[in-house]
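Down below is the structure, laid out as structure tokens.
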Amino acid sequence: MAAPFLTAQDARSGSRNNIVIFNETRDIEHQILLAVNSGLLTTTVTNTTFTTNHAYYSSWQKTQPNQTLDDQMKQVVNYFTLLGYNIAQIENADSPGLFNWVIAW
């Protein structure tokens, strides 16, 4: 029997803005492929929606928490972790208030 209202899981999934997560993962995948083709074992990813937006950095640093942005970042990290990659967020030394993704395989 179908629930007459959204489950908590359905509500969370619906509020994720999946296209943003999709685009972020595809941008990272593109950079991984470029690095692989160059014979590298790691890449630093910049210039994505998450890495060029101060709101994501602020939420990541907990200075301006945002559950939606945290969940989006978590989805990206989980996606690559499940594929066997090591993925981390590091502060962008050249642009305060932003971060980069660092991925290794």
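Computed from the coordinates by the stated procedures, all read-outs in this text should not be read as laboratory data. This one's a predicted model, so the numbers in the text were calculated from it and none came from an experiment. Cβ sites come from the backbone with ideal geometry, for glycine too, and all protein chains shown count toward neighbours.
Please tell me if residue 24 is without any contact (Cβ under 8 Å) to a residue 40 or more places away in the chain and part of a helix (DSSP H, G or I).
When the stated conditions are applied, residue 24 does not pass them.
Give 48, 63, 42 a once-over and let me know the one that is among the hydroxyl-bearing types (Ser, Thr, Tyr), without any contact (Cβ under 8 Å) to a residue 60 or more places away in the chain and touching a Phe, Trp or Tyr at 6+ places or on another chain (Cβ under 8 Å).
Matching residue, one of 48, 63, 42: 48.
Is it the case that region 38-59 has a residue that's of a type in the set (A, V, I, L, M) and under 25 Å from residue 14 (Cβ atoms)?
yes
Within region 56-70, count every residue that is in contact with a helix residue (DSSP H, G or I) (Cβ under 7 Å, 6 or more places away or on another chain) and of a type outside the set (Gly, Ala, Ser).
So the answer is 7.
From 17, 47, 100, grab the single residue that is among the polar types (S, T, N, Q) and on the phi < 0 side of the Ramachandran plot.
100
Can you report the number of residues in region 49-100 which are part of a loop (DSSP other than H, G, I, E, B) and among the small types (Gly, Ala, Ser)?
Residues that pass the stated criteria total 4.
Does region 57-73 hold any residues that are surrounded by fewer than 12 Cβ atoms within 10 Å (Cβ to Cβ) and not polar (S, T, N, Q), and which are they?
62, 65
Before we move on, is residue 42 of a type outside the set (Phe, Trp, Tyr) and either surrounded by fewer than 19 Cβ atoms within 10 Å (Cβ to Cβ) or on the phi > 0 side of the Ramachandran plot (or both)?
It is true that residue 42 is of a type outside the set (Phe, Trp, Tyr) and either surrounded by fewer than 19 Cβ atoms within 10 Å (Cβ to Cβ) or on the phi > 0 side of the Ramachandran plot (or both).
Give region 20-79 a look and list any residue that's among the aliphatic types (A, V, I, L, M) and within 12 Å of the chain's Cα centre (by Cα), or say none.
If the condition is that a residue be among the aliphatic types (A, V, I, L, M) and within 12 Å of the chain's Cα centre (by Cα), then 20, 21, 28, 45, 69, 73, 76, 77 are the ones that fit.
Among the residues of region 34-48, count how many are farther than 13 Å from residue 100 by Cβ and assigned to a loop (DSSP other than H, G, I, E, B).
Residues that pass the stated criteria total 4.
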